[in-house]
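Read through the structure below, which is laid out as structure tokens, and then see the notes.
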Amino acid sequence: MMFTLSSVAALLSLVAIPVRAANIPVTVGGVGILKYDPASVTANPGDVVVFTFKQKNHTATQSTLANPCTKAAGGFDSGFIPVADTVTAGFPVAQYTVVDTNPVYVYCAQANHCQSGMVFAINPGNTLAAFQAAAAASGGAASGTSSAAYGYPTSTTTSGSTTDHKIIVGGTGVLSYSPSNITAQQGDTVTFEFHQKNHTATQSTFADPCRSVTLTSTTGQIGLDSGFMPVAANATTFPTWTIQINDTTPLWFYCKQATHCGSGMVFAVNAVEGSSKSFEDFQALAMQLNGTGASSSSSAGYPSASSSGATKMTSGAGIAGLFIAVAFGLFL
Ligand SMILES: *[C@@H]1O[C@H](CO)[C@@H](O)[C@H](O)[C@H]1NC(C)=O
Ligand SMILES: *[C@@H]1O[C@H](CO)[C@@H](O)[C@H](O)[C@H]1NC(C)=O
Ligand SMILES: *[C@@H]1O[C@H](CO)[C@@H](O)[C@H](O)[C@H]1NC(C)=O
Ligand SMILES: *[C@@H]1O[C@H](CO)[C@@H](O)[C@H](O)[C@H]1NC(C)=O
Ligand SMILES: *[C@@H]1O[C@H](CO)[C@@H](O)[C@H](O)[C@H]1NC(C)=O
Ligand SMILES: *[C@@H]1O[C@H](CO)[C@@H](O)[C@H](O)[C@H]1NC(C)=O
């Protein structure tokens, strides 16, 4: 039997009319959590994605697949929504009304959260993994510079009274920072130059060497984090990331890639030799706490592809969108 085109259209319009818009909940952040949960949703036009902001200070900001950690021109943005660690109820909410079935890419604009994998998508189809990878690889404030392809050049450059300390990160068959600990003065800079494989320089604490200080801080400190810096095996130019040294307080860093930290891939500035917090002690603690190699958990806040929960899965076709940030009761 055959339907004419118009009878099929009539049938479809009958079926399609009374679809009720759904509210789709998404949790943003939380104590020690740098992600959106779930990581993606499928939604119909008219559905409302309800972002509930939990701990720390996050955003839901629209970006693009090409530039995952940059606000899209004309895109929606919740703005920063700070939530204190002590809040247990009445979390602030922001809503986005889905326009059509095209993918909508979202990231957290706080510090390096996006590069740490704090991204979310509506109707990503099969592009979610690519979006997450592009975010992780986008490297924050890093800039690409080149250095000699062979031999690792000078380790420091001094201009006036301040010094730029150059640290080579990784390299073919190398799981370390070189040098792995330095003494630096106020006003100095440290430039990490990322070599082969896919490493980070992520700030941690002496007590918890393999977790980002952003996750462990009880005061809301946002740690420094280069984000992942993938470098091809045949690369001859290397991305760099520079930090400023503001005082001589020790700074602790690790590579958040897989089991690298547990293998001793850590770095320190101004660790005090001979104290109870020497570089050696820091490295030993990293290997002791995370050195089993077997079951290293997710790399510090990077969401696993399977993190989507019991999300309502629906799909449909489109209209026009609206973003309403409703920040009630910020109980700070
Ligand atoms: C939230 O983060 C933004 C951007 O880093 C910052 O300007 C703002 O002061 C923070 N708010 C609180 C309460 O920490
Ligand atoms: C770099 O590592 C991160 C974390 O394991 C991963 O998500 C990303 O896809 C990697 N990038 C490349 C280009 O391999
Ligand atoms: C590196 O190898 C890839 C293929 O594996 C190739 O596409 C690329 O052009 C090479 N780059 C350089 C700088 O040789
Ligand atoms: C030093 O201060 C600058 C400017 O406030 C900041 O961007 C940088 O991250 C600070 N460095 C460290 C190691 O905290
Ligand atoms: C780096 O750490 C090692 C071992 O703790 C120590 O012997 C060395 O003096 C340190 N170097 C600097 C520059 O602090
Ligand atoms: C390191 O170990 C701590 C627990 O001691 C765990 O919470 C953290 O996720 C581990 N980090 C990595 C990168 O495996």
Length gained when the stretch Ser178-Thr249 is fully extended (0.36 nm per residue, less Cα-Cα span): 23.5 nm
Counting all C-alpha pairs of the range 45-137, share separated by more than 21 Å (%): 31 percent
Within-14-Å neighbourhood charge of Thr27 [Cβ basis; K, R +1; D, E -1]: +2
Within-14-Å neighbourhood charge of Gly117 [Cβ basis; K, R +1; D, E -1]: 0
Taking N as its residue count, the alpha carbon Rg of the range 199-238 over 2.2 N^0.38 Å: 1.50
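Read-outs throughout are calculated quantities, based only on the coordinates presented, and are distinct from any laboratory measurement. Computed from a prediction, not measured in an experiment: that's the story for all the values here. Cβ sites come from the backbone with ideal geometry, for glycine too, and all protein chains shown count toward neighbours.
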